[in-house]
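Below is one structure, written out as structure tokens; the observations come after it.
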Amino acid sequence: MKSKVYENAAAALFDLQDDISLMSGGFGLCGVPENSIKEIRRQGIKGIHAISNNIGNSGRGLAWLLKERQISAATCSYVGGNPDLEEQMLAGEIDVTLVPQGTFSERIRAAGVGVRGFYTPAGYGTLVAEGKEERHFDVPCIFELPLSADFAIIKAEKGDSFGNLWFKETARNFSPLMAMAGKVTVVEVEELVELGDIQPENVHVAGVFVQRIYQGKDYENAIEIPKFAEK
Amino acid sequence: MKSKVYENAAAALFDLQDDISLMSGGFGLCGVPENSIKEIRRQGIKGIHAISNNIGNSGRGLAWLLKERQISAATCSYVGGNPDLEEQMLAGEIDVTLVPQGTFSERIRAAGVGVRGFYTPAGYGTLVAEGKEERHFDVPCIFELPLSADFAIIKAEKGDSFGNLWFKETARNFSPLMAMAGKVTVVEVEELVELGDIQPENVHVAGVFVQRIYQGKDYENAIEIPKFAEK
Amino acid sequence: MVDEVIAMLDDDSSLNLGIGIPTLVAERIPSRKNIWIHSENGVLGVSGRPTEESVSPTLINAGKETISVKPGASYFDSSTSFGMIRGGHIDVCVLGGMQVDAEGSLANWMIPGKKVTGMGGAMDLVHGAKMIIVMLTHFSKKGDVKLLHRCTLPLTGKKVVHKIVTDLGVFTPMGDKFRIDKLADGVTRGQLGLAEEWIL
Amino acid sequence: MVDEVIAMLDDDSSLNLGIGIPTLVAERIPSRKNIWIHSENGVLGVSGRPTEESVSPTLINAGKETISVKPGASYFDSSTSFGMIRGGHIDVCVLGGMQVDAEGSLANWMIPGKKVTGMGGAMDLVHGAKMIIVMLTHFSKKGDVKLLHRCTLPLTGKKVVHKIVTDLGVFTPMGDKFRIDKLADGVTRGQLGLAEEWIL
């Protein structure tokens, strides 16, 4: 019996190469696969095409790779709050493709479930529609293609040895979609649990979408914009 | 504060009319909205376009409406085990459109999430592709449109007053998709629970997709093909 | 402005609030209206701010600010979250804006030559909700009116806006002209910075 | 036939079994192979039959038969379930068949003029899995061979089949001809009902 469980990030990410496409889950710094990103920084691979909503924020997350000039292209929806990316974008060192966030998530899901393309109203009549096929249904729409990646790195709250996953609060975001769309999906978890510990009805990602899993450690889980109730 | 909670099936289904399109959840007899179907039988509305994987089975489920000649059109993937439907189909009394089951579920989801059409390989090179646009991606595909309905009736194991739902085992099937695709979604539950009783991470259908909900009763929950382990 | 938007919300309705000015709405909605606030990063049922004790790094809104939720809240992935919007399941969406025009087109994501931040979810949010409200100051800091016959900045969405709420009033884009639904106390037509030919 | 199919399954792989003959496979897979059986009505991790005590009306397979599941099983909606198939996440799919041809096309859902049952999930199941195996008796009850140069019945999928397992052997559709991978004990080429020109 071959196990999907790996000792740590280094063991799970043994076959990365330069110039891969890499999906990374998380919204801002919420639900970011910190251990995998730091391991990729350690390995120093270059020419990464990063696919992630924010490509890091506030100097953390994928910004750890930006600082080391490991990312050469980025597909994302929002780059605000990420000065490393803005700087390299303006300097022409990184090729950034901006995608509306709902289209971004739907394209990733489409790749995961084998849908070969779809029509959406988002972006019609804007710069995003340039060069794309347009078609009128009840409203005018544009055609969008699936978005997949060589590797997906995601983080979950709980995961078992088959790769069944469960996410906490809003840390879910793009991660279940990326789990489906990555050719190799590598998951790190706050807690590695036994088969059956996640109730079958409450599994957020079925293990068949996951190729490798490991217990993460030393999470920063940084809060980007803390706001509190007035006393 | 306007409540989504209704006393029973009759109260929740107060505005049905002849000639509506009606989605009904369930796979075979698993997860079928028995109370709503029986109420529709009681009301005797006619000319229903039923959208459901099986349109009843073994004389139960939507077959209760078939027997009363209340269904004039059906969109489904499988009619085996449903002699009422076969008979009316052969007699030309009911117009049946067969859709591959994966395309059926994806079309219903598309309607629910506002995707205006998509390409799938399923059905390429078969009778299903006739009259449909074909396009070659990595494999040849056909174009499919969303599938919505005036009303969706579904059954869940648990639901709260906002309409958050949770399904047991394989009773989930098409129901979460139909909840999104019905213009008016009416849910019956085995157990009506308090707001917050379903853990927020484990909600299968968010309440915003549900318009009406009621406590069901007298469930038959018939088993179609009982098979047991040898002792 | 905030009160005008709140007055447009039916009890028990669902609401998405864009980042920036619209977040002010969340802080003033009376709880008796029972509004279900959606944030596109994957939560429905947002309810104010956490305490120092209850704050969670995994519970944020689309503006990346810490939040709390009310009983009946739910979490979901991003494709389901935008499906709620695109599929027409959210009643009202309130967005900020840099320009909005008589045709109902909105520009709120990019100024050519300036720092690019990306459109985030804005291009999706303007399609699907039953009512799209743009909430913005009537004039820019430089004094330029933000209500135009036609937007000059790159669009976020074309012919998508139903209502415009500014510090000077409430307006409806009618295609070629704006209809004045309401003026703030003491404000006159002449102060709107709109040519008479663009007002219905 | 069942043993031939089981021999093709890698340990720890995922498997969808069509209704009819393929369900025989489920009953014979040794548990040490740790196969994850998928049923398209929304379950992964099917494991044999329930007892009179454990049987549940809400736990069935795509053939509508009661089942049980093993630790690590999960349930999901139908669009996710077919997404597993269409997205290429299931390793092997075993379907029954009425006809299969040298081009790898399969007919298993309809006989013109006969009672229509519908394609169910079959038209989806033939696209996406890494290996599509058709498992069928070599001859029909009437004695007609089911392996043809080109199917004559309406197709379920065109050029989709990777392996064919019959009671007489294991075959690979190569386009214009069948390759014989294996013959059952004592079976000769002449007994296959295939013209020599269709055999590689």
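The values are calculated or read from the model by the stated rules, or taken from the named source; none is laboratory data. It should be emphasised that the depicted structure is a prediction, and the values quoted were computed from it without experimental measurement. Methodologically, a virtual Cβ is constructed for each residue, glycine included, from the backbone with ideal geometry; neighbour enumeration extends over all protein chains shown.
Annotations for the structure displayed:
- Residue that is surrounded by the most Cβ atoms within 10 Å (Cβ to Cβ), among those in the stretch C:156-179 that are closer than 21 Å to C:PRO22 by Cα and touching a helix residue (DSSP H, G or I) at 6+ places or on another chain (Cβ under 8 Å): C:THR156
- Residues in the stretch C:17-30 that are of a type in the set (Gly, Ala, Ser) and buried (at least 19 other Cβ atoms within 10 Å of the Cβ): C:GLY18, C:ALA26.
- Only residues that are crowded, with 20+ Cβ neighbours inside 10 Å, within 14 Å of chain D (Cβ to nearest Cβ), of a type outside the set (Val, Ile, Thr) and in contact (Cβ under 8 Å) with a residue 60 or more places away in the chain were counted in the stretch A:188-231, giving 3.
- Tabulated pairs, the stretch C:46-67, first farther than 15 Å from C:LEU24 by Cβ, second among the small types (Gly, Ala, Ser) and surrounded by fewer than 17 Cβ atoms within 10 Å (Cβ to Cβ), C-beta under 6 angstrom, 6+ apart or interchain: C:THR51/A:ALA229
- Of residues in the stretch A:157-172 being more than 13 Å from chain D (Cβ to nearest Cβ) and crowded, with 24+ Cβ neighbours inside 10 Å, the one nearest to C:SER68 (Cα to Cα): A:THR170
- Output for the stretch C:168-200, where each listed residue is modelled with pLDDT under 95 and closer than 20 Å to C:MET8 by Cβ: C:LEU200
- Residue within the stretch A:173-187 that is among the polar types (S, T, N, Q), in a helix (DSSP H, G or I), over 25 Å from D:SER13 (Cβ atoms) and away from chain D (no Cβ under 14 Å) present: no
- Residue tally, condition surrounded by 24 or more Cβ atoms within 10 Å (Cβ to Cβ), under 23 Å from B:GLU220 (Cα atoms) and either within 12 Å of chain A (Cβ to nearest Cβ) or among the basic types (Lys, Arg) (or both), over the stretch D:31-58: 2
Listed here are the residues, each with its yes/no results for (1) within 12 Å of chain B (Cβ to nearest Cβ); (2) in a loop (DSSP other than H, G, I, E, B); (3) without any contact (Cβ under 8 Å) to a residue 40 or more places away in the chain.
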position: D:GLY113; (1), (2), (3): yes, yes, yes
position: D:GLY118; (1), (2), (3): yes, yes, yes
position: D:ASP124; (1), (2), (3): yes, no, no
position: D:HIS127; (1), (2), (3): yes, yes, no
position: D:LYS141; (1), (2), (3): no, yes, yes
position: D:THR152; (1), (2), (3): no, yes, no
position: D:LEU155; (1), (2), (3): yes, yes, no
position: D:LYS159; (1), (2), (3): yes, yes, no
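- Among residues of the stretch A:43-55 that are in contact (Cβ under 8 Å) with a residue 60 or more places away in the chain and under 28 Å from C:GLY120 (Cβ atoms), those with a beta-carbon under 8 Å from a residue that is assigned to a loop (DSSP other than H, G, I, E, B) and aromatic (Phe, Trp, Tyr) at least six positions away or on a different chain give the pairs A:SER52/A:PHE174; A:ASN53/A:TYR78; A:ASN53/A:PHE174.
- Condition broken by B:GLY123, with the remaining ones in (1) closer than 30 Å to C:LYS70 by Cβ; (2) facing another protein chain (nearest Cβ under 7 Å); (3) in contact with a helix residue (DSSP H, G or I) (Cβ under 6 Å, 6 or more places away or on another chain) satisfied: (1)
- Tallying residues that are within 13 Å of chain C (Cβ to nearest Cβ) and either part of a helix (DSSP H, G or I) or more than 27 Å from A:GLU39 (Cβ to Cβ) (or both) within the stretch A:137-156 yields 8.
- Residue check, D:GLY88 away from chain A (no Cβ under 14 Å), outside any helix (DSSP H, G or I) and small (Gly, Ala, Ser): no
- Residue match in the stretch D:101-110 (condition: within 14 Å of chain A (Cβ to nearest Cβ) and over 19 Å from B:SER175 (Cα atoms)): no
- Test: D:ALA129 is at pLDDT below 95, under 14 Å from the mean Cα position of the chain (by Cα) and buried (at least 20 other Cβ atoms within 10 Å of the Cβ): yes
- With respect to the conditions (1) assigned to a strand (DSSP E or B); (2) within 11 Å of chain A (Cβ to nearest Cβ), C:PHE171 falls short on a single one, namely (2).
- Which numbered condition B:GLY80 misses (of (1) more than 23 Å from D:GLY120 (Cβ to Cβ); (2) surrounded by fewer than 21 Cβ atoms within 10 Å (Cβ to Cβ); (3) of a type outside the set (S, T, N, Q)): (1)
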